[in-house]
1. Might you check whether a residue that is part of a helix (DSSP H, G or I), of a type in the set (A, V, I, L, M) and under 10 Å from the mean Cα position of the chain (by Cα) occurs anywhere in segment 10-20?
2. Given the condition exposed (fewer than 15 other Cβ atoms within 10 Å of the Cβ), in contact with a Lys or Arg (Cβ under 9 Å, 6 or more places away or on another chain), modelled with pLDDT of 95 or more and not β-branched (Val, Ile, Thr), answer yes or no: does some residue in segment 14-22 qualify?
3. Being farther than 16 Å from Glu9 by Cβ and assigned to a helix (DSSP H, G or I) is the filter; apply it to segment 38-54 and report the residue that is modelled with the lowest pLDDT.
4. Pairs only if they're at least six apart or on different chains, beta carbon under 7 angstrom, first in segment 8-30 and closer than 17 Å to Glu58 by Cβ, second among the aliphatic types (A, V, I, L, M) and in a loop (DSSP other than H, G, I, E, B); list them, first residue then second.
5. Is it the case that segment 58-65 has a residue that's outside any loop (DSSP other than H, G, I, E, B) and surrounded by fewer than 18 Cβ atoms within 10 Å (Cβ to Cβ)?
Amino acid sequence: MNNMDKILEILEEVRPDVDFENEKLLIDDGILDSFDIITIVSSFNDEFDVEIDVEDLEPYNFNTVEAMNELIEKLQNED
């Protein structure tokens, strides 16, 4: 399973009511709230063995699945 598939799986566990593959403004449109983000970040940290810091909690990093994947790949490559 690649990162994108795992990200989608995590997101769908948190918010099964959202069409993550087609939604492009998850934060800007208020689809994900702060509690959702905390849950998602915790899951990403565990699943991908990364540490998402406060400075990474920018809306553009979480508006799309693709942006979340880019953030995770960036953090994985920092090691």
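The values are calculated or read from the model by the stated rules, or taken from the named source; none is laboratory data. The model shown is predicted, which means the values in this text are computed figures rather than measured ones. All Cβ positions, glycine included, derive from the backbone under ideal geometry; neighbour counts span all protein chains shown.
1. Initially, segment 10-20 is screened for residues part of a helix (DSSP H, G or I), giving 10-14.
Imposing the further condition that a residue be of a type in the set (A, V, I, L, M) reduces the set to 10-11, 14.
Among the residues that remain, those that are also under 10 Å from the mean Cα position of the chain (by Cα) are: 10-11.
The answer is yes, given that some residue of segment 10-20 is part of a helix (DSSP H, G or I), of a type in the set (A, V, I, L, M) and under 10 Å from the mean Cα position of the chain (by Cα).
2. Filtering segment 14-22 down to residues exposed (fewer than 15 other Cβ atoms within 10 Å of the Cβ) leaves 16-17, 19, 21-22.
Those left that are additionally in contact with a Lys or Arg (Cβ under 9 Å, 6 or more places away or on another chain): none.
No.
3. Taking segment 38-54 and keeping what is farther than 16 Å from Glu9 by Cβ, we get 38, 49-54.
From what's left, assigned to a helix (DSSP H, G or I): 38, 54.
On the way: Ile38: 95, Val54: 92.
The residue in question is Val54.
4. Partner pairs satisfying both residue conditions: Leu26/Leu32.
5. Residues of segment 58-65 that are outside any loop (DSSP other than H, G, I, E, B), as a first pass: 59-62, 65.
Add one more test, that the residue is surrounded by fewer than 18 Cβ atoms within 10 Å (Cβ to Cβ), and what stays is 59-60.
There is at least one residue in segment 58-65 that is outside any loop (DSSP other than H, G, I, E, B) and surrounded by fewer than 18 Cβ atoms within 10 Å (Cβ to Cβ).
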